[in-house]
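The values are calculated or read from the model by the stated rules, or taken from the named source; none is laboratory data. None of the values given here were measured: they were computed from a predicted structure. FYI the Cβ positions are ideal-geometry reconstructions off the backbone, even for glycines, and counts take in every protein chain you see.
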Amino acid sequence: MLIRTPAVAAIALSLSVLTIAQAPRALDKDAEKWVQSTLGKMSVEEKVGQMIVPSFQSTFMSTDSDEFDALVKLIHEQNAGGFHVFGGAEKVPGVLLNPTYGAVTLGQPLEAASILNRLQAVSKVPLLNTADFEAGVGFRIAGATSFPRLMAFGAARDEGLAEEAGRITGEEARALGVHVNFAPVVDVNNNPRNPVINTRSYGEDPAMVGRLASAYIRGMQGAGVAATLKHFPGHGDTDVDSHLGLPIIKHPRARLDQIELVPFRAGVAAGADAVMTAHIELPELDPAPKTPTTLSAPIIQGLLRKDLGFDGLIYTDSMGMAGVAAIYTPGEAAVRAVKAGNDVILHSPDDAAAFDAVVAAVKAGEIPAAQLNASVQRILRAKAKAGLHRNKLVNLEQVSAIVGTRKNLAVADAVSERSITLLKDTRNQVPLRAPREAQVLYLSVLDFPSNWRIAAPSRTFIPELRKRWPNVTAIELSDRTTPAEIDLVRAMAPRFDVVIASVFVRAGSASGRMDLAEPLQRLVNGFNRGDRPFVTVFFGNPYVAMYMPDLPSVMLTYDFYDRAEASAVKALAGEIPIGGRLPIELPGYAKVGAGLDRAAGAAAPWKMEKGKR
């Protein structure tokens, strides 16, 4: 059954969000007075410090620890203007042959809020804190609401759900003390080999991306959190991960106006408070070599400020990414970024070096005082918009009442279920009509077995499948599976009544990989024989389906994690309707908008008496 909250149902989807701008959150007289008074009292060092945003991990941190002392030092010595909140990480061995340990963990909500409160108490000027909550606060913080990746919203095609997701993310972020969310991603993903955006994008229709992003902005900024359009001027048509290198986009301005810039214009019209610049080189806009957008005055001051009329905060992308860090030192990169027109330097590999270099550049006249003042004024106004001049602390007692509630989780469930796309079903086998007693072979097919620390594949799919069909034999395969093991799976498959393959392929930041090993592709393709039910469910990178064209039944989820797996099983069992539409083209395989409809069954097929196989 599809769960929708009254707030979702009440949203009018007929509004054209591309032409109706959101009214800016104007400052009252007291807030504006605080901004000017605070700015007037600041030294050069204090002003530059407002432009530097270091980071921390939101796992337990004692006040009496070297880690906390280092954060306090950034406030006392570099006058840090805010902090970026990450999840957590564990130490892992850098080994060959068995590099399967996962370092990434989720942060803790109460600890994130506690650390931010303690840092706010130390700082003379309120801190404007940021986070990458692209898929909800639960994307980084345990127990919070985690939404599917944005491409799932594109498949669901529901602006009401996008707005609700923005509102929920904003409310949960504010409960932790985060005031700026680096979302929505408004990149138009029109390159199947894009290794870093992929399912982080709403899709490849610029107008649709703009509509969903604008709805998300309305919801999140209505909850008091600044939305950030990223990655300007568009990271969708690249085949290089800017975490690992410097992508180059050679499109002329006319092409950018038709595709990449469309959702950015929509987001600016919707009142987005911030924009994040990308580590992407665009020689048609700025011919200077080795000059990504992050360091380009023609693109930032010309295209973004002048042509698009954006006057909000401009953040760099993480300055620790190879797109910049492999070319320039932290100090040089920071100075170039400020001179180009960025207001905030995010996550420098060396915050102290970035601070010292910008201070020196201001005092030497390389960075005009008027430019420095304009950036700091924008930062202070963002702080006043967030009400931080009145109250910079959060109530720790309220965190557990606001974050990860059942009402919020129901909206995330609705997005996930609405996004399920049945791309192909040549034998009309979805939903599965196998009786409860059927013998089911379940294959969990991975790109590679490492770094699954917070999203172990099939950990929800298998138990949910067994609730409906108890006789499940589950096997995990990956690029480390031997030819003999593949032959064994191939030989045993005919003994089963049903075969289900879940394919998990990531296009994740800094992984450098986005494919399924060819032996595994051949194995899965080879099950297309006879009339035995055989369904393949793709998690993550949807473009992988192009390389297995012989599959009889193909379902897309656009996501990983437990919610996507649970939704997929519900769809297979006929418990929810299927109606998602493909928000991208799969060249040579399926067009934008492809998808089959299936109604929820009056009686779940898996409850049927055992019949003919």
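Consider region 55-95 and keep the residues that are part of a helix (DSSP H, G or I) and among the acidic types (Asp, Glu). The one that is farthest from Ala175 (Cα to Cα) is Glu77. Evaluation of Gly387 against the conditions (1) surrounded by fewer than 17 Cβ atoms within 10 Å (Cβ to Cβ); (2) modelled with pLDDT under 95 shows that the sole unmet condition is (2).
Does region 477-491 include one or more residues that are among the polar types (S, T, N, Q) and part of a strand (DSSP E or B)? Steps first, answer last, please.
Step one: of region 477-491, the residues among the polar types (S, T, N, Q) are 478, 481-482.
Adding the requirement that they be part of a strand (DSSP E or B) leaves none.
Checked region 477-491: no residue is among the polar types (S, T, N, Q) and part of a strand (DSSP E or B).
Identify all residues within region 427-450 that are in contact (Cβ under 8 Å) with a residue 24 or more places away in the chain, out of contact with any Leu (no Cβ under 9 Å at 6 or more places or on another chain) and not aliphatic (A, V, I, L, M); write none if there are none.
Going residue by residue through region 427-450, those that are in contact (Cβ under 8 Å) with a residue 24 or more places away in the chain are 427, 429-450.
Add one more test, that the residue is out of contact with any Leu (no Cβ under 9 Å at 6 or more places or on another chain), and what stays is 427, 429, 433-437, 439, 441, 448-450.
The answer is Arg427, Gln429, Arg433, Pro435, Arg436, Glu437, Gln439, Phe448, Pro449, Ser450.
Return yes or no: is Leu110 in contact (Cβ under 8 Å) with a residue 12 or more places away in the chain, surrounded by fewer than 24 Cβ atoms within 10 Å (Cβ to Cβ), among the aliphatic types (A, V, I, L, M) and part of a helix (DSSP H, G or I)? Yes: the conditions hold for Leu110. Among the residues of region 546-562, those identified as touching a Ser or Thr at 6+ places or on another chain (Cβ under 8 Å) and on the phi < 0 side of the Ramachandran plot are Met548, Leu551, Pro552, Ser553, Val554, Met555, Leu556, Thr557, Asp559, Asp562.
Every test in (1) in a loop (DSSP other than H, G, I, E, B); (2) surrounded by 24 or more Cβ atoms within 10 Å (Cβ to Cβ); (3) in contact with a strand residue (DSSP E or B) (Cβ under 7 Å, 6 or more places away or on another chain) is passed by Thr145 save one, and that test is (3).
Could you pull out the residue among Arg167, Arg174, Arg149, Arg157 that is basic (Lys, Arg) and touching a Leu at 6+ places or on another chain (Cβ under 9 Å)?
Working: Arg167 fails: touching a Leu at 6+ places or on another chain (Cβ under 9 Å); Arg174 fails: touching a Leu at 6+ places or on another chain (Cβ under 9 Å); Arg149 fails: touching a Leu at 6+ places or on another chain (Cβ under 9 Å).
The conditions single out Arg157.
Tell me, please, whether a residue that is at pLDDT 95 or above and in contact with a strand residue (DSSP E or B) (Cβ under 8 Å, 6 or more places away or on another chain) can be found in region 238-256. No; the residues of region 238-256 include none that is at pLDDT 95 or above and in contact with a strand residue (DSSP E or B) (Cβ under 8 Å, 6 or more places away or on another chain).
Output the residues belonging to region 227-251 that are touching a Leu at 6+ places or on another chain (Cβ under 9 Å) and within 21 Å of Pro289 (Cβ to Cβ).
Step one: filter region 227-251 for residues touching a Leu at 6+ places or on another chain (Cβ under 9 Å), giving 228, 232-234, 240, 248-251.
Scanning region 227-251 gives Phe232, Pro233, Gly234, Val240, Ile248, Ile249, Lys250, His251.
Please find, among Ala501, Ala484, the residue that is surrounded by fewer than 13 Cβ atoms within 10 Å (Cβ to Cβ) and at pLDDT 95 or above. Even if it seems obvious, please write down each step before you answer.
On the way: Ala501 fails: surrounded by fewer than 13 Cβ atoms within 10 Å (Cβ to Cβ).
Matching residue, one of Ala501, Ala484: Ala484.
Restricting attention to region 319-340 and to residues that are under 25 Å from the mean Cα position of the chain (by Cα) and more than 13 Å from Ile52 (Cβ to Cβ), the residue that is surrounded by the fewest Cβ atoms within 10 Å (Cβ to Cβ) turns out to be Ala326. Counting only helices (runs of 4 or more DSSP H) that sit wholly inside region 254-372, those with at least 2 residues that are free of Cβ contacts under 8 Å to residues at least 60 places away in the same chain and in contact with a Leu (Cβ under 8 Å, 6 or more places away or on another chain) are 261-269, 330-340.
From the list Asp515, Asp559, Asp531, the one residue that fits, being at pLDDT below 95 and closer than 30 Å to Gly323 by Cβ, is Asp515.
Between Pro435, Pro457, which is touching a Gly at 6+ places or on another chain (Cβ under 7 Å), in the same structural domain as Ala573 (by TED's automatic domain parsing) and either assigned to a loop (DSSP other than H, G, I, E, B) or crowded, with 22+ Cβ neighbours inside 10 Å (or both)?
On the way: Pro457 fails: touching a Gly at 6+ places or on another chain (Cβ under 7 Å).
None of the others qualify; the one that does is Pro435.
Given (1) in a helix (DSSP H, G or I); (2) modelled with pLDDT of 95 or more; (3) not aromatic (Phe, Trp, Tyr), where does Met42 come up short, assuming only one miss? Of (1) in a helix (DSSP H, G or I); (2) modelled with pLDDT of 95 or more; (3) not aromatic (Phe, Trp, Tyr), only one is false for Met42: (1).
Restricting Val104, Val48, Val85, Val125 to those that are aliphatic (A, V, I, L, M), within 30 Å of Ala213 (Cβ to Cβ) and crowded, with 20+ Cβ neighbours inside 10 Å reduces the list to Val85.
For Ile462, the criteria (1) β-branched (Val, Ile, Thr); (2) in a loop (DSSP other than H, G, I, E, B); (3) within 21 Å of Val535 (Cβ to Cβ) hold in every case but one, which is (2).
Per-residue answers, yes or no, for (1) closer than 18 Å to Leu39 by Cα; (2) buried (at least 23 other Cβ atoms within 10 Å of the Cβ):
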{"site": "Asp351", "(1), (2)": "no, yes"}
{"site": "Asp356", "(1), (2)": "no, no"}
{"site": "Ala360", "(1), (2)": "no, no"}
{"site": "Ala370", "(1), (2)": "yes, no"}
{"site": "Asn373", "(1), (2)": "yes, no"}
{"site": "Val415", "(1), (2)": "no, yes"}
{"site": "Thr421", "(1), (2)": "no, yes"}
